[in-house]
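Below is one structure; the comments refer to it alone.
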Amino acid sequence: MHIPSGYHMYPCGDHALTIEWGSTIDISVNKSVIALFCVLQEANIKGVKDIIPAYNSVTVVYDTALLKKSCSTKTVYEWMSRQIGKLIDSSVIDTEKKPKLVRIPVCYDLSLAPDLASLAAEHMLTIEEVVKLHMGKIYRVYMIGFLPGFAYMGSVDEGIATPRKVNPRTNVPAGSVGIAGEQTGIYPFDSPGGWQLIGQTPLKMFSANQAEPCLLQPGDDVQFYRVTILEFEKIKADVATHS
Amino acid sequence: MSLRILKAGLFDAIQDTGRYGYQYLGINPGGAMDITGMKLSNALVGNDLNEAVLEMHFPAAEIVFEEQMLIALGGADLGAEINGEALPILHPIIIQKNAVLQFRKNETGARAYLAVKGGYQSQTWLHSNSTHTRARAGGLEGRALRKNDQILTKQIFSGSFQGNGKLFTVLHWNVNLAGFYLKDAVRFIPGAEYHALNKLSQQKLETAGFSILPQSDRMGYRLKGDALSIQSPKEMISTAVPRGTIQLLPNGQLIILMADHQTTGGYPRIGHVISAGFAALAQMRASEKIRFQKTELAEAETLLLEQERNLRQLQNACNFRLQEYLAVYQK
């Protein structure tokens, strides 16, 4: 299959451009995004410094000064958009390729889930029902942003979809699992944040000293499974000694 | 072959041109705010232009040189002194052992760069020596410099230069900044949501003038001015946002994304500051006024290429002068 051609390409200033499909958050669109991301990584186009996939777009950051020296078109943007356009037209992608499945332990104990009770009450569900709905789906990592290793995953069951908090917290502990609208995510660092916190993982989502610093990559599948507070403490201690 | 921090500054850290290739993991590029200032400092001491330097804000650190070194200061003028005697910026300077560098007054600009010949020894993380404070990696343990930190240099300055008993000697050439800092206006390329601004807001953007708020930092410059409004506020889906992106916040005010920007964002992208304008913008301080000016893509690229060529010429000239000067002492 080819990468769908119904995209819109536009400059993001003088050193980046964006390729965008439609204006919805949708798995099939995001699959095209990740496919193009992989094709561009392989293609090694001269002057490309960064390739950044998002929900429905890929942004390419390039070295304008370097490319301008040898560029025969009126702008470097024109040259780069032509290279990428050709690549999109000629690439065949494997639609059968299964994403990597990453299983992540989450402790939903109320001591680690400050918004779980209020979220359940708001949706007229029991805490157990919220947890089951949250664990019951395989989520896709649509993109990584906000913080190093912060994966935007979706989509949660509409029965537990909840807007961000009106007053964000000044400090959310690393590992906190949250919901924002139909998205779910895990804070890789202690940081300010406005997501509804419903649990915590004992895993490190980001470790600077690892060859792969982030546990999740764009396009991965993620499944949460429940651990008790005792298991949580044990895994957390193991992770700490092995890093 | 080391420097020691006698007194910590506000935020002094090792920076280079930034960490590219990892934004897909949410790892922002960071790096020097004024890359031109960084490169000019490197050119003056004969370094590779991309060598990591020390970026300093006011009040800046007090630093003792533990060996003789060849240094240069670029970017902001923070009133550098050695034992009470003023030190010029943008000149190569030979500093003698035990000289103490202090910064007295924020004369011009927002960040100064201190380059040493040969460069500093620092931690490389994901192909860059820039300090990433969030990841606590790169530079010196991924953090700002503290009192008593010792920074090693990669080379010993091997001249037999005596300095006639003076603590420092200013070499007589400097660099001409013409063309490197575009000061008249902040030029921008319209962004994807520029046309959603109503006509009045588009006009205001270029005529009203905006001032830089004190809560501006290495992540972004927050601006204050007439509120701008979008014609049809649509639900935005987050995209990647490169350095220089001008976003419109829900309150109608603007923010310009700087070196430590988040990799993705969901606010309307009004425009993107041109690369050739980053240096001047990075040297602007809180409460200073900026005026935006719309620019064509081709012109932005040409301005950048001109700066790049001038930089290379300067580098060649600096290397030539330096070799000629030091040859006398290295026979």
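Numerical summary
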{"item": "Viscosity 0.692 mPa s, temperature 37 °C, Stokes-Einstein D of the stretch A:57-155 from Kirkwood C-alpha radius, µm²/s", "result": "177 µm²/s"}
{"item": "Cβ crowding within 10 Å averaged over residues, with B:70-80, A:39-49 ranked highest first", "result": "B:70-80, A:39-49"}
{"item": "Extent along principal axes [Cα atoms of the protein assembly as shown; Å; largest to smallest]", "result": "82, 56, 47"}
{"item": "Rg and Dmax of the stretch B:186-295, Cα atoms only, in Å", "result": "12.6, 35"}
{"item": "10 Å Cβ neighbours from other chains, averaged over peptide A:47-53", "result": "6"}
{"item": "0 to 90° range, to nearest 10: angle between helix B:297-327 axis and chain B longest Cα axis", "result": "0 degrees"}
{"item": "DSSP bridge orientation in the stretch A:101-241 - percent antiparallel, rounded to nearest 5", "result": "80 percent"}
{"item": "Length-normalised contact order of the stretch A:8-90 in % [C-alpha pairs under 8 Å, at least 6 apart]", "result": "31 percent"}
{"item": "With Cα atoms, 0 to 90° folded angle of helix B:35-44 axis to chain B main axis", "result": "20 degrees"}
{"item": "Relative contact order (%) - criterion: Cα under 8 Å, at least six apart; region: chain B", "result": "20 percent"}
{"item": "Cβ-placed point charges (K, R +1; D, E -1), dipole of the stretch B:186-295 about Cα centre in debye, nearest 20", "result": "220 debye"}
{"item": "Label-to-label distance, nm, for residues given as B:E288 and B:A178 (7 Å Cα→Cβ offset)", "result": "2.2 nm"}
{"item": "Separation between Cα centres of the stretch B:108-151 and the stretch B:295-327, rounded to whole Å", "result": "25 Å"}
{"item": "Antiparallel content of DSSP bridges confined to the stretch A:8-90, in %, to 5", "result": "100 percent"}
{"item": "³J(HN,Hα), Karplus 6.51/-1.76/1.60, whole Hz, each residue of the stretch A:152-159, x for Gly, Pro", "result": "8, 10, x, 10, 6, 3, 5, x"}
{"item": "Per-residue [θ]222 nm for the protein assembly as shown (sum of -39500 (n - 2.57) over DSSP H runs n ≥ 4, rounded to 500)", "result": "-6500 deg cm²/dmol"}
{"item": "Size of charge dipole - chain B - debye, nearest 20, with Cβ of Lys, Arg +1 and Asp, Glu -1, no other charges", "result": "360 debye"}
{"item": "Qualifying trypsin sites (Lys or Arg not before Pro) for the stretch B:144-176 [loop in DSSP, other Cβ within 10 Å: at most 12]", "result": "B:K147"}
{"item": "Built amide H within the under 5 Å cut-off of B:Q121, gap 5+", "result": "B:L152, B:T153, B:K154"}
{"item": "Point-to-point label distance, B:V170-B:A227, nm (Cα→Cβ direction, 7 Å offset)", "result": "5.0 nm"}
{"item": "Degrees separating the helix A:27-43 axis from the principal Cα axis of chain A, which is the longest one", "result": "50 degrees"}
{"item": "Distance-filtered residues of the stretch A:154-182 - backbone nitrogen under 11 Å, label point 7 angstrom along A:L125 Cα→Cβ", "result": "A:156-162"}
{"item": "Distance histogram in 10 Å bins (all Cα pairs of chain B, percent per bin)", "result": "6, 26, 32, 22, 10, 4, 1, 0"}
{"item": "Selected from A:S90, A:N30, A:S72, residue furthest toward positive end of dipole (the stretch A:8-90; charges at beta carbon)", "result": "A:S72"}
{"item": "From phi via Karplus (6.51, -1.76, 1.60), per-residue ³J(HN,Hα) for the stretch A:113-129 in Hz, x at Gly/Pro", "result": "9, x, 10, 5, 5, 5, 5, 4, 4, 4, 9, 6, 10, 7, 4, 4, 5"}
{"item": "Only Lys, Arg (+1) and Asp, Glu (-1) charged, at Cβ; the protein assembly as shown dipole about Cα centre in debye", "result": "920 debye"}
{"item": "Per-bin percent of Cα-Cα distances, chain A [10 Å]", "result": "7, 28, 30, 21, 11, 3, 0"}
{"item": "Calculated log₁₀ intensity ratio I(q)/I(0) where the Debye formula runs over C-alpha points of the stretch B:25-156, q = 0.22 Å⁻¹", "result": "-1.51"}
{"item": "For B:299-312, mean number of other protein chain Cβ atoms within 10 Å", "result": "4"}
{"item": "Inter-chain Cβ neighbour average for residues A:132-143, partner chain, 10 Å", "result": "1"}
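Each value in this text was obtained by applying a stated rule to the coordinates, not by laboratory testing. Being a predicted model, the structure only gives us computed values, none of them experimental. Cβ coordinates were reconstructed from backbone atoms using ideal geometry, including for glycine residues, and neighbour counts include every protein chain displayed.
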